[in-house]
Amino acid sequence: MKYTILFPLRMVCGLWAKRELIVHFTWREFVGKYRGAHLGLALSFVSPLFLLGIYTVVFGSLYRSSRTDTEGAGSFAITLFSALIFYNFMSDGVGQASKLLVENPNYITKVVFPVEILPVSLVGSSFLHFCVNVLILIGGILVSPMPWHWTLLLFPLVVFPLFLISLGVSWFLAAVGVYFRDVAVFVPPLLMALLFMSAIFYPVSSIPEAFQPWLLLNPLACFSEMGREIFTKGEMPSMGMWGYCLGIGIFCFFGGYAVFHRLKRGFSDAL
């Protein structure tokens, strides 16, 4: 019982003690995605800009019926991007987590290494990409006819629960993926399904009112709404949504680590 009560405290203290190693691996994961590319780290800015341009053309110009007549193509794309960046943050980390330990067996079988920091560095790298996307989004707002609001500075508060959710799910998938390699096959289609179930390409208010509470059970739908509120509407994020997402985040954070801690004893044998 004593171990159960103290487990969260020991977990957090253990991760804090390894903070320098986590920072090192996070940065290595971030820059490693662009290693060998001629543009290097500049790709982290070029890629979101390219996507923002695509969204402007496809959703703002071609699909005029999906937006109001008073909403310009650029404004529509920015509104879309303000919700999509939260999904991208989660999918970038979670999408790779199930194969993370399988693709890095040396950290488990040949050296004594705190493997629990590998999912942390993966999600940390995704967070750095999220910050780049936020800079692109703010730049787009400043050069567009849309007014900018001070509430956009609240994005760290809004994204914090999503960071906990992503980290907890990444720990869980990384551990389970060692024993069940098929998990990696199912993660991409599940993330794709989640993309269309998260109110990213449409506001929650556009669906029948009876179904809105059910849609908002999906935390990513809440983040999509809160993203639009702080970036484009100048409204405070819904504290009800934020509290709900924080509760799920805390559960995922400690639950995912508990599963990882329990299963890591057999990683060497499974690999």
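The values are calculated or read from the model by the stated rules, or taken from the named source; none is laboratory data. Small disclaimer: the values here were computed from a predicted structure and weren't measured. Reconstructed Cβ throughout: ideal geometry from the backbone, glycine too, with neighbour counts over all protein chains shown.
The residues of the range 97-124 that are touching a helix residue (DSSP H, G or I) at 6+ places or on another chain (Cβ under 6 Å), surrounded by fewer than 24 Cβ atoms within 10 Å (Cβ to Cβ), part of a helix (DSSP H, G or I) and not aliphatic (A, V, I, L, M), listed by number, are Thr109, Ser121, Gly124.
Please pick out the residue among Val176, Val158, Val185 that is more than 16 Å from the chain's Cα centre (by Cα) and farther than 23 Å from Ile117 by Cβ. Result of the check over Val176, Val158, Val185: Val185.
Scan the range 86-128 for residues that are touching a residue at least 24 places away in the same chain (Cβ under 8 Å) and either among the hydrophobic types (A, V, I, L, M, F, W, C) or within 18 Å of Leu194 (Cβ to Cβ) (or both) and the total you get is 26.
Flag set for Ser82, criterion: of a type in the set (Ser, Thr, Tyr), modelled with pLDDT of 85 or more and either touching a helix residue (DSSP H, G or I) at 6+ places or on another chain (Cβ under 7 Å) or more than 22 Å from Pro156 (Cα to Cα) (or both).
Exactly one residue among Leu173, Leu153 is loosely packed, with under 13 Cβ neighbours inside 10 Å, among the aliphatic types (A, V, I, L, M) and either assigned to a helix (DSSP H, G or I) or touching a residue at least 12 places away in the same chain (Cβ under 8 Å) (or both), and that residue is Leu153.
The listed residues are Pro237, Pro189, and the only one of them that is free of Cβ contacts under 8 Å to residues at least 60 places away in the same chain and out of contact with any Lys or Arg (no Cβ under 6 Å at 6 or more places or on another chain) turns out to be Pro189. Checked against the criterion of being under 18 Å from the mean Cα position of the chain (by Cα), assigned to a helix (DSSP H, G or I) and either more than 25 Å from His149 (Cα to Cα) or not aliphatic (A, V, I, L, M) (or both), the candidates Phe231, Phe260 yield just one match: Phe231.
The set of residues in the range 1-56 being at pLDDT 70 or above and among the polar types (S, T, N, Q) consists of Thr26, Ser44, Ser47.
Taking residues in the range 199-215 that are closer than 19 Å to Arg228 by Cα, and partners anywhere that are surrounded by fewer than 10 Cβ atoms within 10 Å (Cβ to Cβ), the pairs with Cβ atoms closer than 9 Å and at least 6 places apart or on different chains are Gln212/Ser205.
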